[in-house]
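Engineer: Pasting in a structure now, in structure tokens, and then I'll have a few things to ask.
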There are 4 protein chains.
Amino acid sequence: MSNQRYGAGIWHFATYVDRYATDGYGEPRTILDAIDLAGQVRDLSVVDLNYPFFGGDFSNEQVGAALAKAELDVIGITPEIYTRAFAKGSFTNPDPGVRRLTHELVTAAAGVVRHFGADYVKLWPGQDGWDYPFQVDHGTLWKASLDGVGALASENPDLKFVIEYKPREPRVHMSFDSVSRTLLGIERIGLPNVGILLDFGHALFGGESPADSAQLAIDYGRLFGMDVNDNLRGWDDDMIAGTVHPIELFEFFYTLRRNNWEGVWQLDQFPFREDSVAAADLAIDFLKATERALDKLDVAGVVEAQSRHDSVTALRLVQQALFTSY
Amino acid sequence: MSNQRYGAGIWHFATYVDRYATDGYGEPRTILDAIDLAGQVRDLSVVDLNYPFFGGDFSNEQVGAALAKAELDVIGITPEIYTRAFAKGSFTNPDPGVRRLTHELVTAAAGVVRHFGADYVKLWPGQDGWDYPFQVDHGTLWKASLDGVGALASENPDLKFVIEYKPREPRVHMSFDSVSRTLLGIERIGLPNVGILLDFGHALFGGESPADSAQLAIDYGRLFGMDVNDNLRGWDDDMIAGTVHPIELFEFFYTLRRNNWEGVWQLDQFPFREDSVAAADLAIDFLKATERALDKLDVAGVVEAQSRHDSVTALRLVQQALFTSY
Amino acid sequence: MSNQRYGAGIWHFATYVDRYATDGYGEPRTILDAIDLAGQVRDLSVVDLNYPFFGGDFSNEQVGAALAKAELDVIGITPEIYTRAFAKGSFTNPDPGVRRLTHELVTAAAGVVRHFGADYVKLWPGQDGWDYPFQVDHGTLWKASLDGVGALASENPDLKFVIEYKPREPRVHMSFDSVSRTLLGIERIGLPNVGILLDFGHALFGGESPADSAQLAIDYGRLFGMDVNDNLRGWDDDMIAGTVHPIELFEFFYTLRRNNWEGVWQLDQFPFREDSVAAADLAIDFLKATERALDKLDVAGVVEAQSRHDSVTALRLVQQALFTSY
Amino acid sequence: MSNQRYGAGIWHFATYVDRYATDGYGEPRTILDAIDLAGQVRDLSVVDLNYPFFGGDFSNEQVGAALAKAELDVIGITPEIYTRAFAKGSFTNPDPGVRRLTHELVTAAAGVVRHFGADYVKLWPGQDGWDYPFQVDHGTLWKASLDGVGALASENPDLKFVIEYKPREPRVHMSFDSVSRTLLGIERIGLPNVGILLDFGHALFGGESPADSAQLAIDYGRLFGMDVNDNLRGWDDDMIAGTVHPIELFEFFYTLRRNNWEGVWQLDQFPFREDSVAAADLAIDFLKATERALDKLDVAGVVEAQSRHDSVTALRLVQQALFTSY
């Protein structure tokens, strides 16, 4: 029997707005509502929480009580450094006051990580970047990104900070845009407690092979976390994992297992129009099928085929395992 | 001196939310605020208004007074058939009650068109489509799109209805996804008062050449309106016109002039982080430069080069005109 | 037991050149060599032949003998209207002499169709289109496309002509770029013997859902043929079918079956670096798995879920069938 | 008067084949023919030569004589490590014999660099990568890339080696896929004589901003060379520079000048269907216009606007300079 733990970003259980449906894709929910829904997913053990807690002025204790009732632990805290105040950037904002605000909000989030005994502060600086040619001085922008993260990691050596890169959105170009750029930055920062949260869909969106991205981050000792979803490679659709790219998802998990990477398998899905519990259950049931397929896979055969770059042989073994394991 | 009239969607002067900055990229504005800002743009003559009017319960008369003060006319009305009630579709919603609601809202918008003496009802059914493989029966969905538009056009023969196609967003795939699909649908509907509102950026995003799309719609007698903006071809970024693709923008206007198409040149921009008046002024100043470049262009030379598919000669003539006209 | 017939373009068994490996990805093969290899694929019944026959000056009889030995029939003939003489277009070439040459070559191909009792002449006018803004007059170009195809279909009413559309390559933009554009053109031509050869990968590459494209072509009575392969949606990679998008491939076949479309399932793969027989066997074995999955699928359940646009329920049924059928 | 030197890859003046026009887009040319054509371009000073010399068995002396006659110097030598022998990779080939062959061919190219007093050996390992999920062991592949380049740089400390990255083509994914990945690799190799040849179009194709890529490479001291062209961001179209993205091209040169980067401005264009001399002249004339625009640009104004991330102000200054300078 599998001991694999599953997790989800708590926003999976929120409702959403976008620039068209400004009244939202459903009634607003508080973080307590969302935790309650998360608790209804069959196999969920941990959640990543936005901070500040959304939907009301809730204390750590109130959130903790909801989590206890839902039998959920906290894996990470995601400070919301991408809301209105940060529209022109968090770490890279041209206004030093906003850069200070970023520092303070992340520092507060670090406190919440300690409170819940979570694994990391998750940094997703989605507003750091640019929209237009000639809008920014690129050297200055990148330096500000590294200075901002570096200061926090340096001040909080007891905690891990994970950077979740993405090619773009909401900015037309995001500073931490790829696994390689993020690793370059992390190496430049030079601290042991900064790593990557690898989002499977962001890697696909960026033209990466998620398995290759995972291997690279592991080889640098920087794969601190991961989450999965799916998309059509042209946008961060945050669709249900396994519904478009099951084979590359399988290769991603294959790579983690080959490297004995043993963290939580998390979901980062945005079920705009779906029942959020059903969407999580569908994803996790598919992840469990991939676990069974990994157990069944002729790994020695795959390794031998890869030694000759023989895709046909490798893929036949993969199909034999994956398409018989649901 | 140019007699070209310029217009803009009134949402150009609103503020926006997205799934991350849920508190918005600025203080909310009412449609009256937006009209006031639109009036500050140097060369704006007409606007396209969302309906219901946003930000308050305003009467046609209140809106009309604001327009008069800003010296703006109305070119079209855009019923908001893409908000929460329509999350799973407007014309194609699986719930017949929502399809009726769509019909009623568009019918009300038709009344507003008559009130303001505008040119058309603009249909942008952005929630009509699908997200996942196997989510919908494709034949049923497309038929519902055509039935819905056809019924409205048939009941309101005194008005024009324009369909604004787009490849995707907010759905992962939108039913009216391209110029050709939309023309196919319009021909099937078979009514004279249904046409296309061609968005330059949507054509680019869809892998079309906007000039070719315009020519095709004109050849079917269906180019009822247009608007411009810019993007990186991978998403509907709604950036300021002329900032990324000035040459294809120039070819688009060249095609309109060659066909003696004489409508309004409109803006459909979303200046999330920019001053909206300055963003409109920058775009219109560039459009005026393209007008001057069109006057200066050696059209006979371009036509001759095109008769041989000689891109080098044609582009040299284009560069000589466009890069000397600001 | 399945009666499904399988086919392949004979170029699947050729070797290839590209702009870098100008000496080719293997020793050149004649069409006779390729037919011999095609005969080694376990479940292949028919092939589509390039014309002129490549690799030598072979007669219909020589080719027929090779086909007989390989136990293969001919489904279609593909005239090579995309080689050097046609670099600036076949039907749309600015030189009327080249347009005549196109007509003559396709007419000759029609004779070969009759000789072999094949189903159709396949038109893939891959050089018809443009590369640069301002290169062509778009109205003239499109008219030439339709005039060229229309003349051939009119002169050969006993034969079917199928157009295989693709967004681009080798031109930066191809005239017959999408299912909708091609249907628009076919309707304008107005002859019963012109239809579509739908390539699954071209639809994916063009941002279409192949299942939706198939439904649309069927609804117009124009789906005359199809072939499959796979890609990463950003280029016509012609990879082995089922290796990237198995779920959308399954939806494509589901749509064909729901419409009682009973043609050949063909492969259009370019195994640049793979053993071509093994690549075909891998694809066909996967197609057979999808056939079994179609037999097993709870179609009534899918239909019911689709009536509510319920992707989660539909996809669970799909996963239960597809991921247990290899 | 400008002292800027211009260059081109000699393949700009060759003819091409692709997988469709296997008979080529024109009569084959030898490298001597190509040098003669290059000499006809108005403002060309240097060329990058493929090695082995194409089209015949030419000696360094024969090539040198042709160069002298055309008044051209050599900037770099590009060993052809992407032809048939290298179809499954050069540095990363699973066959150690092919890896040795790669080493030998690049070593021979290094000799040619010395012979002509050129600046660098250019490495474009276009066949190093993968096509399918599960085809390769990603860690092994990347290590082989770095080992291969590192050995050559170590053995030839008197020469510079430049890596030209590209997202893909001919492989579905290329190992050196981005500026960041390449810098990560170069830092890991740890030798001073390995740098980047930044291709403007490859950066665009990879979703990068070329100006940002240049700044990053400069900040690491690794921008050893560059070339320009244009494309539609979805493929390496190698179109004529300035015909699609003039503003981002201008930002790229602005960034080079701001950093006092003073190398050659090279062309990497593939004029499949164009006159190659005219295509080079059109590009260089546009580059000269951008030089004049750089001289005219209100740099202080741009810098001030960038300090506020004010795209509208910056772009107005840019338009004023660029669209008045042809």
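Engineer: Along each of the three principal axes of the Cα atoms of the range C:150-246, give the extent in whole Å, ordering the values from largest to smallest.
Structural biologist: 40, 27, 19 Å, listed from the longest principal axis down.
Engineer: Using the reciprocal of the averaged 1/r over all distinct C-alpha pairs, how large is the Kirkwood radius of the range A:6-297 in Å?
Structural biologist: 19.2
Engineer: Restricting to DSSP H runs of at least four residues, report the calculated mean residue ellipticity at 222 nm for chain A, -39500 (n - 2.57) per run over all residues, nearest 500 deg cm²/dmol.
Structural biologist: -13500 deg cm²/dmol
Engineer: How big is the gap, in Å, between the Cα center of the range C:68-131 and the Cα center of the range B:34-88?
Structural biologist: 54
Engineer: With springs only between Cα atoms under 10 Å apart, run a GNM on chain D and tell me which of D:G126, D:G195, D:G111 wobbles the most.
Structural biologist: D:G111
Engineer: When the accessible area of each residue in the range D:129-157 is compared between its chain alone and the complete protein assembly (1.4 Å probe; ligands, DNA and RNA ignored), which residues differ by at least 30 Å², being lower in the assembly?
Structural biologist: So the qualifying set is D:W130, D:D131, D:Y132, D:P133, D:F134, D:Q135, D:V136, D:D137, D:H138, D:G139.
Engineer: Oh, and also: Would you work out the relative contact order for the range C:6-295, in percent, from Cα pairs under 8 angstrom that are 6 or more residues apart?
Structural biologist: Averaging sequence separation for qualifying contacts and normalising by length gives 17 percent for the range C:6-295.
Engineer: Mind pulling the angle between the C-alpha long axis of helix A:311-322 and the longest principal axis of chain A? Nearest 10 degrees, somewhere in 0 to 90.
Structural biologist: 80
Engineer: What's the local net charge at B:H309, with K and R +1, D and E -1, over the other residues with C-beta under 12 Å away?
Structural biologist: Taking every other residue near B:H309 into account, the sum is -3.
Engineer: Just which residues of the range B:229-256 lose 40 Å² or more accessible area with every protein chain there, against their chain alone, with the probe set to 1.4 Å?
Structural biologist: Listed in order, they are B:L232, B:R233, B:W235, B:M239, B:T243, B:V244, B:I247, B:E251.
Engineer: A further question follows. Which of B:V121, B:V194, B:W11 sits farthest toward the positive end of the charge dipole of chain B, with +1 on the Cβ of Lys and Arg and -1 on the Cβ of Asp and Glu?
Structural biologist: The Cα lying farthest towards the positive end belongs to B:V194.
Engineer: Once Lys and Arg get +1 and Asp and Glu get -1 on their Cβ, which of B:A241, B:M226, B:A151 lies farthest toward the positive end of the dipole of the range B:120-276?
Structural biologist: B:A151
Engineer: If you count the DSSP beta bridges with both ends in the protein assembly as shown, what percent of them are antiparallel, to the nearest 5?
Structural biologist: Bridges in the protein assembly as shown that DSSP calls antiparallel: roughly 10 percent.
Engineer: Along Cα→Cβ, 7 Å out, is where each label goes; now give me the distance between the ones at B:Q62 and B:D285 in nm to one decimal.
Structural biologist: Rounded to a tenth, the inter-label distance reads 3.5 nm.
Engineer: How far is D:G263 from the same spot in each other copy, in nm, shortest first, if each label point sits 7 Å from Cα toward Cβ?
Structural biologist: Taking the point 7 Å beyond Cα along Cα→Cβ, the inter-copy spacings are 3.6, 4.8, 5.1 nm.
Engineer: Please give the per residue accessible area of the protein assembly as shown, computed with a probe of 1.4 Å over protein heavy atoms only, in Å².
Structural biologist: Value for the protein assembly as shown: 30 Å² per residue.
Engineer: Between copies, how far does the label point of C:Q40 sit from its twins, in nm, shortest first, when each point is 7 Å from Cα along Cα→Cβ?
Structural biologist: Ordered by distance, the counterparts are at 4.7, 5.8, 7.4 nm.
Engineer: Can you give the net charge of the other residues whose Cβ lies under 12 Å from the Cβ of C:H103, counting K and R as +1 and D and E as -1?
Structural biologist: Once all neighbours under 12 Å are counted, the net charge is -1.
Engineer: Can I ask one more? Let me spell out the model: positive unit charges on the Cβ of Lys and Arg, negative unit charges on the Cβ of Asp and Glu, origin at the Cα centre of the protein assembly as shown. What dipole size does that give, in debye rounded to 20?
Structural biologist: Rounded to the nearest 20 debye, it is 0 debye.
Engineer: Could you identify the residue of B sitting closest to the B-C rotation axis by Cβ and state that distance rounded to whole angstrom?
Structural biologist: Minimum Cβ distance to the axis, with residue: B:S180, 2.
Engineer: Going by a 1.4 Å probe on protein heavy atoms, which residues of the range B:281-314 end up with at least 30 Å² less accessible surface in the whole assembly than in their chain alone?
Structural biologist: Buried by 30 Å² or more upon assembly, which counts only protein chains, are B:L282, B:F286, B:Q306, B:H309, B:S311, B:V312.
Engineer: Could you tell me what a quarter of the Cα convex hull surface of the protein assembly as shown works out to, in nm² with one decimal place?
Structural biologist: Over all viewing directions, the protein assembly as shown projects a mean Cα-hull area of 44.9 nm².
Engineer: Using a Gaussian network model of chain D whose springs link C-alpha atoms within less than 10 Å, name the residue from D:T107, D:T243, D:T22 with the highest mean-square fluctuation.
Structural biologist: Among D:T107, D:T243, D:T22, the largest mean-square fluctuation in the Gaussian network model of chain D belongs to D:T22.
Engineer: Roughly how big is the range D:1-117's charge dipole about its Cα centre, with Cβ charges of +1 (Lys, Arg) and -1 (Asp, Glu), in debye to the nearest 20?
Structural biologist: Roughly 380 debye for the range D:1-117.
Engineer: Here's something else I'd like to know. Dipole of the range B:6-276 (Lys/Arg Cβ +1, Asp/Glu Cβ -1, origin at the Cα centre): which of B:A214, B:T30, B:L267 lies farthest to the positive side?
Structural biologist: The one lying farthest along the dipole's positive direction is B:A214.
Engineer: Read phi for every residue in the range A:261-268 and hand back ³J(HN,Hα) as whole Hz from Karplus 6.51 cos²θ - 1.76 cosθ + 1.60, θ = phi - 60°, with x for Gly and Pro.
Structural biologist: Per-residue couplings from phi come out as 7, 10, x, 6, 8, 9, 9, 10 Hz.
Engineer: What's the buried accessible area, both sides, between C and D using a 1.4 Å probe, rounded to 100 Å²?
Structural biologist: The C and D chains share an interface burying roughly 3800 Å².
Engineer: Continuing with the same structure: Would you mind pulling out the separation of the Cα centroids of the range D:260-326 and the range A:255-326, in Å?
Structural biologist: Cα centres, the range D:260-326 to the range A:255-326: 48 Å.
Engineer: May I pose another question? When DSSP beta bridges are limited to those with both residues in chain C, what percentage is antiparallel, rounded to the nearest 5?
Structural biologist: 10
Engineer: Additional query: For C:E71 and C:R84 in one chain, what is 0.36 nm times their gap in residues minus the Cα-Cα distance, to one decimal in nm?
Structural biologist: 1.4 nm
Engineer: Quick one: label points 7 angstrom along Cα→Cβ at A:Q4, distances to the other copies in nm, smallest first?
Structural biologist: Label-point distances to the other copies, shortest first: 2.8, 5.5, 5.8 nm.
Engineer: Follow-up question, since we're still on this one. Calculate how many DSSP beta bridges within the range C:135-274 are antiparallel, expressed in % of all such bridges and rounded to the nearest 5.
Structural biologist: The antiparallel fraction comes to roughly 10 percent.
Engineer: Further question on the same structure: I'd like the distance between the alpha-carbon centres of the range B:155-202 and the range D:149-216, rounded to an integer number of Å.
Structural biologist: Going from one Cα centre to the other spans 45 Å.
Engineer: Separate question: Listed here are the pairs A:K88/B:K88; A:K88/A:K143; B:K143/B:K166; A:K143/A:K166; C:K143/C:K166; which of them are more than 25 Å apart at the Cα?
Structural biologist: A:K88/B:K88
Engineer: So if I place +1 on the C-beta of Lys and Arg and -1 on the C-beta of Asp and Glu, and nothing else carries charge, what would the dipole magnitude of chain C be about its Cα centre? I want it in debye, nearest 20.
Structural biologist: Computed about the Cα centre, the dipole is about 540 debye.
Engineer: Let me ask you something else. Roughly to the nearest percent, how much of the accessible area of the range B:6-276 is carbon and sulfur, given a 1.4 Å probe?
Structural biologist: Result for the range B:6-276: 48 percent of the exposed heavy-atom area is carbon or sulfur.
Engineer: Take chain B, connect every pair of alpha-carbon atoms lying under 10 Å apart with a spring to form a Gaussian network, then pick out the residue of B:S209, B:S307, B:S45 with the largest mean-square fluctuation.
Structural biologist: Highest fluctuation among the options: B:S307.
The values are calculated or read from the model by the stated rules, or taken from the named source; none is laboratory data. Here the structure is a predicted model, which means the values were calculated and not measured. Every residue, glycine as well, gets a Cβ built from its backbone with ideal geometry; the counts of neighbours run over all protein chains shown. These area figures cover heavy atoms from the full protein model, side chains too; ligands, DNA and RNA do not enter into them. Shrake-Rupley method; radii C 1.70, N 1.55, O 1.52, S 1.80 Å.
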